[in-house]
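J.: For reference, the structure I am asking about is given below.
The values are calculated or read from the model by the stated rules, or taken from the named source; none is laboratory data. Everything numeric in this text was worked out from a predicted model, so none of it was measured. Reconstructed Cβ throughout: ideal geometry from the backbone, glycine too, with neighbour counts over all protein chains shown. Areas reflect the complete protein model, heavy atoms only, side chains present, ligands, DNA and RNA absent. Shrake-Rupley method; radii C 1.70, N 1.55, O 1.52, S 1.80 Å.
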Amino acid sequence: MSPVFAIARHEARRIFVSPLAWTVLAVLQFILGMVFFLTLAQLAAEPGMLNEQAGVADYIGGSLYGFSSILLLLIIPLLTMRLFAEDRKSGSLTLLTSAPATLTEIVLGKYLGLCVFFLAVLVLMAAMPLSLLAGTNLDLGRIAAGLLGVFLLMLAFGAAGLFMSTLTREPVIAAVGGFGLLLVVWLLEAMAYGGGMFSELFRQLSLIGHFEKLRRGVFDTADLAYYTLFIVLFLWLSVQRLDLERN
Amino acid sequence: MENDILIEARGLTRRYGPNVAVEHIDLTLRRGEILGLLGPNGAGKSTTMKMLTGNLAPSGGTVKINGIDLASDAKGAKQHLGYLPEQPPVHPELTVDEYLEFAAALHGVAKKDRAAALQRAKQSCGLTEVSRRLIGNLSKGYQQRVGLAQAIVHRPPVIILDEPTVGLDPIQIREIRSLIAALAQEHSVILSSHILPEIQAVCSRVLIVNRGRVVFHQSMAELAAAAVPSYLVQFRNAPATLELPGVTSVSALGDGRFRIECETSHDPREALVERSVANGWGLIELRAQTRSLEEIFVSLTSGDTTDELRKAA
């Protein structure tokens, strides 16, 4: 077995034996469940909101996934902070760096392990709207686009958080740094409103703009390319940073 | 590929900015050998080991492990290594089994061989009874053993141990020491320590490092052979002078005590006892002393005498 999968399996196991992961999942589910329920209640009170253009999936999926993006921004740095910072602090990073695995394999392995956790989050988020299938017709394509958006957003947050974790040996600093970094990239959208020659550039660089389209059910390869580049960039930076540490 | 030289480091140098931590260290480890790396704190032992295990890139020099260059084929070279850093790299939230299973997978032990590899490593390190316990709940000594098990689970030809007995109680130290001696049956070991008896007890060759340089390098056998024996005697009614055949020098230490040095082929003890009885000197102490590793260590690593001694050596 390639070391990537060995590390990924190990990392996923470590995430799921820690109380942090379960707390995060519980809090996330509680808040999103509340949002889901409130939207549903609102919809039941005013069924007139639904028309030919906007169905149940648009309302429920839209508000649920829109709200989850903010929650994920707050939560993911807490999960990524441990990846390298904690291991460095406890000295257990040496196990990986002296094993027959390249730095790229180590970074990819840790990242994939994190993705397993993201899949768990995704399952929770999919389950809520899909439970409505029992009583109504849903636009599944719409839900799928929203879920894809959430997943890509999580992957991007995860990559940025992982990079911040390679910079320090204090998990808390990694979390704060990751949160700050994500918020800045997020808020680039706000700078785009100011107009000026760079406004289009800022709009393209912002994390939220690309998510918005998917949330509304528009699948554009440009958005996919944006997230892919974002992820590759931060994973590459992480490898560079770890290599620097050896020198 | 059978190769008799397992580690060959040439001109290993490491600088941190203007500070030189390790300067031009040459090191060779042969099959079946235990090499002791000895030096005061901050001498560059850990830095050297980090460079040997690929955790730190050397500023100069090369490392070859089992004939594979560490710089150009790190992955291939590291396959032949087991490393226990100063702080055991364990994950406290996992059980011993989970952790060792990962260590085995990471080092490329095939899935079907993993259970047997785990069993063997646990047996060697005395961990069989704690297999299912969380590493975080184990004592420091057991955590150290888990770290050691991690280093040997894939049966590497070379094991590098950085101060493996730090923080252990005397019984644990003795256990780890006998474990290392047992490991040397099948593996070659590099062991660092600043505890002299430890090196003396297990190593077949010793390298003393001070301020980033090698100041002493000899096998224990050579060390024993080269040692000039001296004898310490004490009499109740000491004679004014002592003259014995084969003795090269006698120095009075006061209080009836003398240090006697003589040719290696000559043992003056019997003659001393006979004379003492014949002349009524009242012999109360007679002891042979060899120049111990400790004396060499202290003389080589303390103060300004280092440079002189290195020239002399």
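J.: Do the conditions hold for B:L70, that is, is it aliphatic (A, V, I, L, M) and in contact (Cβ under 8 Å) with a residue 40 or more places away in the chain? Please lay out each step first, then the result.
T.: Details: aliphatic (A, V, I, L, M): yes; in contact (Cβ under 8 Å) with a residue 40 or more places away in the chain: no.
Judged against the criteria, B:L70 is not a match.
J.: Sticking with this structure for a sec: Report the residue count in the stretch A:1-14 for those that are facing chain B (nearest Cβ under 10 Å), open to solvent by less than 50 Å² (accessible area, probe 1.4 Å) and at pLDDT 90 or above.
T.: Counting residues in the stretch A:1-14 that are facing chain B (nearest Cβ under 10 Å), open to solvent by less than 50 Å² (accessible area, probe 1.4 Å) and at pLDDT 90 or above gives 5.
Per-residue answers, yes or no, for (1) more than 23 Å from A:A8 (Cβ to Cβ); (2) at pLDDT 90 or above:
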| position | (1), (2) |
| --- | --- |
| B:L106 | no, yes |
| B:A117 | no, yes |
| B:Q123 | yes, no |
| B:N137 | yes, yes |
| B:K140 | yes, no |
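J.: Further question on the same structure: Can you tell me which of B:V166, B:V146 is outside any helix (DSSP H, G or I) and either of a type in the set (A, V, I, L, M) or closer than 30 Å to A:K110 by Cα (or both)?
T.: Values: B:V146 fails: outside any helix (DSSP H, G or I).
Being outside any helix (DSSP H, G or I) and either of a type in the set (A, V, I, L, M) or closer than 30 Å to A:K110 by Cα (or both) holds for just one of B:V166, B:V146, which is B:V166.
J.: Another question about this same structure. Hey, does the stretch B:84-92 have a residue that's at the interface with chain A (Cβ under 9 Å from one of its Cβ atoms) and in a helix (DSSP H, G or I)?
T.: Within the stretch B:84-92, none of the residues are at the interface with chain A (Cβ under 9 Å from one of its Cβ atoms) and in a helix (DSSP H, G or I).
J.: Here's another thing I want to ask about it. How many of the residues making up the stretch A:55-92 are closer than 13 Å to A:I143 by Cβ, in contact with a Phe, Trp or Tyr (Cβ under 9 Å, 6 or more places away or on another chain) and of a type in the set (V, I, T)?
T.: Result for the stretch A:55-92: 1.
J.: Against the definition (crowded, with 21+ Cβ neighbours inside 10 Å and either at pLDDT 90 or above or in contact with a helix residue (DSSP H, G or I) (Cβ under 8 Å, 6 or more places away or on another chain) (or both)), how does B:V130 come out, yes or no? So that I can check it myself, show each step before the final result.
T.: Details: crowded, with 21+ Cβ neighbours inside 10 Å: no; either at pLDDT 90 or above or in contact with a helix residue (DSSP H, G or I) (Cβ under 8 Å, 6 or more places away or on another chain) (or both): yes.
Against the criterion (crowded, with 21+ Cβ neighbours inside 10 Å and either at pLDDT 90 or above or in contact with a helix residue (DSSP H, G or I) (Cβ under 8 Å, 6 or more places away or on another chain) (or both)), B:V130 does not qualify.
J.: May I pose another question? How about the stretch B:53-79: which of its residues are in a loop (DSSP other than H, G, I, E, B) and more than 7 Å from every other protein chain (Cβ to nearest Cβ)? So that I can check it myself, show each step before the final result.
T.: If we filter the stretch B:53-79 for residues that are in a loop (DSSP other than H, G, I, E, B), which is where we start, we get B:53-59, B:66-67, B:70-73, B:79.
B:P58, B:S59, B:N66, B:G67, B:L70, B:A71, B:S72, B:D73, listed by residue number.
J.: Restricting attention to the stretch A:121-167, which residues are surrounded by 18 or more Cβ atoms within 10 Å (Cβ to Cβ) and of a type outside the set (A, V, I, L, M)?
T.: Within the stretch A:121-167, A:P129, A:R142, A:G146, A:G149, A:F151, A:F157, A:G158, A:G161, A:F163, A:S165, A:T166 qualify.
J.: In this structure, does B:Q144 turn out to be more than 8 Å from chain A (Cβ to nearest Cβ), more than 24 Å from A:P19 (Cβ to Cβ) and either open to solvent by 40 Å² or more (accessible area, probe 1.4 Å) or within 29 Å of the chain's Cα centre (by Cα) (or both)?
T.: yes
J.: Residues B:A182, B:A151: which one is small (G, A, S), touching a Phe, Trp or Tyr at 6+ places or on another chain (Cβ under 7 Å) and in a helix (DSSP H, G or I)? Steps first, answer last, please.
T.: Values: B:A182 fails: touching a Phe, Trp or Tyr at 6+ places or on another chain (Cβ under 7 Å).
Exactly one residue qualifies, and that residue is B:A151.
J.: Sticking with this structure for a sec: Go through the stretch A:1-48 residue by residue and tally those that are small (G, A, S), under 20 Å from the mean Cα position of the chain (by Cα) and part of a helix (DSSP H, G or I). Quick ask: steps written out before the conclusion?
T.: First, the residues of the stretch A:1-48 that are small (G, A, S): A:2, A:6, A:8, A:12, A:18, A:21, A:26, A:33, A:41, A:44-45, A:48.
Next cut, under 20 Å from the mean Cα position of the chain (by Cα) only: A:8, A:12, A:18, A:21, A:26, A:33.
Adding the requirement that they be part of a helix (DSSP H, G or I) leaves A:8, A:12, A:21, A:26, A:33.
Residues flagged as small (G, A, S), under 20 Å from the mean Cα position of the chain (by Cα) and part of a helix (DSSP H, G or I) within the stretch A:1-48 amount to 5.
J.: Within the stretch B:185-236, can you find the residues that are surrounded by 18 or more Cβ atoms within 10 Å (Cβ to Cβ), modelled with pLDDT under 85 and in a loop (DSSP other than H, G, I, E, B)?
T.: Listed by number, the residues that qualify are B:H194, B:G212.
J.: For A:N51, work out the one condition from (1) buried (at least 19 other Cβ atoms within 10 Å of the Cβ); (2) at pLDDT below 90 it doesn't fulfil.
T.: Among (1) buried (at least 19 other Cβ atoms within 10 Å of the Cβ); (2) at pLDDT below 90, A:N51 violates only (1).
J.: I'm checking my understanding of the structure. Among residues of the stretch A:18-44 that are within 14 Å of another protein chain (Cβ to nearest Cβ) and open to solvent by less than 70 Å² (accessible area, probe 1.4 Å), which one is farthest from A:L71 (Cα to Cα)? Please lay out each step first, then the result.
T.: Here is the first cut: in the stretch A:18-44, the residues within 14 Å of another protein chain (Cβ to nearest Cβ) are A:18-22.
Narrowing the set further to residues that are open to solvent by less than 70 Å² (accessible area, probe 1.4 Å) leaves A:18, A:20-21.
Working: A:S18: 20, A:L20: 15, A:A21: 14 Å.
The qualifying residue farthest from A:L71 (Cα to Cα) is A:S18.
J.: Among the residues of the stretch B:153-170, which ones are open to solvent by 10 Å² or more (accessible area, probe 1.4 Å) and in contact (Cβ under 8 Å) with a residue 12 or more places away in the chain?
T.: From the stretch B:153-170, those open to solvent by 10 Å² or more (accessible area, probe 1.4 Å) are B:154-155, B:157, B:163, B:166-170; that's our starting set.
Correct list: B:H154, B:R155, B:P157, B:E163, B:V166, B:G167, B:L168, B:D169.
J.: Only one of these conditions is not met by B:I173: (1) open to solvent by less than 40 Å² (accessible area, probe 1.4 Å); (2) on the phi > 0 side of the Ramachandran plot; (3) without any contact (Cβ under 8 Å) to a residue 40 or more places away in the chain. Which number is it?
T.: Unmet for B:I173, out of (1) open to solvent by less than 40 Å² (accessible area, probe 1.4 Å); (2) on the phi > 0 side of the Ramachandran plot; (3) without any contact (Cβ under 8 Å) to a residue 40 or more places away in the chain: (2).
J.: Now for a different question. Report, by residue number, each residue of the stretch A:84-117 that is part of a helix (DSSP H, G or I), within 13 Å of another protein chain (Cβ to nearest Cβ) and either open to solvent by less than 10 Å² (accessible area, probe 1.4 Å) or closer than 18 Å to B:L100 by Cα (or both). Can you show your working first?
T.: Here is the first cut: in the stretch A:84-117, the residues part of a helix (DSSP H, G or I) are A:84-90, A:93-97, A:103-117.
This time we only want the ones that are within 13 Å of another protein chain (Cβ to nearest Cβ), so: A:86-90, A:93-97, A:103-106, A:109-110, A:113.
Correct list: A:D87, A:S90, A:L93, A:T94, A:L95, A:L96, A:T97, A:I106, A:G109, A:K110, A:G113.
J.: Do we find that B:H107 is open to solvent by 10 Å² or more (accessible area, probe 1.4 Å) and either within 12 Å of another protein chain (Cβ to nearest Cβ) or not hydrophobic (A, V, I, L, M, F, W, C) (or both) in this structure?
T.: Details: open to solvent by 10 Å² or more (accessible area, probe 1.4 Å): yes; either within 12 Å of another protein chain (Cβ to nearest Cβ) or not hydrophobic (A, V, I, L, M, F, W, C) (or both): yes.
For B:H107, the condition - open to solvent by 10 Å² or more (accessible area, probe 1.4 Å) and either within 12 Å of another protein chain (Cβ to nearest Cβ) or not hydrophobic (A, V, I, L, M, F, W, C) (or both) - is met.
J.: Could I ask something else about it? Would you confirm, using the coordinates I've provided, whether B:T47 is within 14 Å of chain A (Cβ to nearest Cβ), polar (S, T, N, Q), open to solvent by less than 40 Å² (accessible area, probe 1.4 Å) and assigned to a helix (DSSP H, G or I)? Please lay out each step first, then the result.
T.: Values: within 14 Å of chain A (Cβ to nearest Cβ): yes; polar (S, T, N, Q): yes; open to solvent by less than 40 Å² (accessible area, probe 1.4 Å): yes; assigned to a helix (DSSP H, G or I): yes.
Yes.
J.: Moving on. crowded, with 19+ Cβ neighbours inside 10 Å, within 14 Å of chain B (Cβ to nearest Cβ) and either more than 10 Å from the chain's Cα centre (by Cα) or outside any helix (DSSP H, G or I) (or both) - does that describe any residue in the stretch A:68-83?
T.: yes
J.: Now, a different point. Quick test for you: out of B:R120, B:R114, pick the one residue that is within 11 Å of chain A (Cβ to nearest Cβ) and assigned to a helix (DSSP H, G or I). So that I can check it myself, show each step before the final result.
T.: On the way: B:R120 fails: within 11 Å of chain A (Cβ to nearest Cβ).
After applying the criteria, what remains is B:R114.
J.: Could you figure out which of (1) within 14 Å of chain B (Cβ to nearest Cβ); (2) open to solvent by 70 Å² or more (accessible area, probe 1.4 Å) isn't true of A:Y193?
T.: Failing condition for A:Y193: (1).
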